[in-house]
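Notes follow once the structure below has been shown.
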Amino acid sequence: MRKTVAIYPGSFDPVTNGHLDIIQRGAKLFDEVIVAVLVNSEKAPLFTAEERVNMIRAILAEQRLAVRVDTFDGLLVTYAQKQNAQVIVRGIRAVSDYEYELQMALMNRRLAPGIETVFMMPSEAYSFLSSRLVREVFTLGGSVEGLVPRLVEEMLRCKIEGRGGAGE
Ligand SMILES: Nc1ncnc2c1ncn2[C@@H]1O[C@H](COP(=O)(O)OP(=O)(O)O)[C@@H](O)[C@H]1O
Ligand SMILES: [Mg+2]
C-alpha cells in the first residue's frame, strides 16, 4: 500500500508545545509527517528559517517519530505535490482559527483537488498558545516555561538579549 505522507506547514517562529502536540498526533496517524517551515512570508520573523528548522530538528531528535523537517517557499500545494504528500495538517485552536483555515483549505482544494486538509486539535493546555504570544510575553520579561521546550527558551534568551535592547 502507498504510504500516507502529511505536510504540516507553518511559520514556527518559534516552535511551541502546541505545534509539538500536533506533530505527535500527526505522527500517530500518518506514515510520515513533513514539518515544513515557511521561508518567506509577509511576516518578518524573529528567527531565521535555519534557526527555526534547527530548533525543531534538535527537539525532535529526542523522539523516535517518522518526522522530517524541511523548508518551503511559494505555493504550499506545489510543495506538497513535489513531496508526493496526500495530506496537509493544520492545527485548530479556538473558533477564531476556523474562518481563515477554512478559506485556505478550500483554496488549496481548488488548486490541488487530490490533497486533503486535516484539522487537528491540540491538548486544551495549548489551545490558547501561539508563537506570537510566546514572543510577546518573553520580550516583555514574562515566563514561557511549559509553553515551549527548554531549547526554545534558551534561543529566545539569546535572541532577545543579543539585540541589546536596541528597541527593534
Ligand atoms: N498552540 C497550538 N496548538 C495547535 N496548533 C497550533 C498551535 N499554534 C499554532 N498551531 C497551528 O500550527 C500551524 C502553524 O502555525 P504557525 O507557526 O502560526 O504558522 P502560520 O503562519 O501558518 O499560522 C497552524 O495550523 C496553526 O493553526
Ligand atoms: Mg499562525
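Read-outs: derived from the displayed coordinates by stated rules, not from any lab. Note that this is a predicted model, so its numbers are computed, not measured. Here the Cβ is made from the backbone with ideal geometry for all residues, glycine too, and neighbour counts use every protein chain on show.
For the reader, a short list of remarks on this structure follows.
- Residue match in segment 68-88 (condition: farther than 30 Å from residue 158 by Cα, touching a residue at least 40 places away in the same chain (Cβ under 8 Å), in contact with a strand residue (DSSP E or B) (Cβ under 9 Å, 6 or more places away or on another chain) and within 16 Å of ligand 2 (Cβ to nearest atom)): yes
- Among residues of segment 101-122, those that are within 13 Å of ligand 1 (Cβ to nearest atom) and under 24 Å from residue 24 (Cβ atoms), counted: 10
- Among the residues of segment 104-116, at least one is within 19 Å of residue 43 (Cβ to Cβ) and within 16 Å of ligand 2 (Cβ to nearest atom).
- Residues (of a type outside the set (Val, Ile, Thr), in contact (Cβ under 8 Å) with a residue 60 or more places away in the chain, within 16 Å of ligand 2 (Cβ to nearest atom) and not in a loop (DSSP other than H, G, I, E, B)) located in segment 17-49: 17, 18, 19, 20, 21
- Restricting attention to segment 1-54, the residues that are polar (S, T, N, Q), surrounded by 15 or more Cβ atoms within 10 Å (Cβ to Cβ) and either more than 22 Å from residue 120 (Cβ to Cβ) or away from ligand 1 (no atom under 13 Å from the Cβ) (or both) add up to 1.
- Single match in 14, 9 (criterion: in contact (Cβ under 8 Å) with a residue 40 or more places away in the chain, within 20 Å of residue 51 (Cα to Cα) and part of a loop (DSSP other than H, G, I, E, B)): 14
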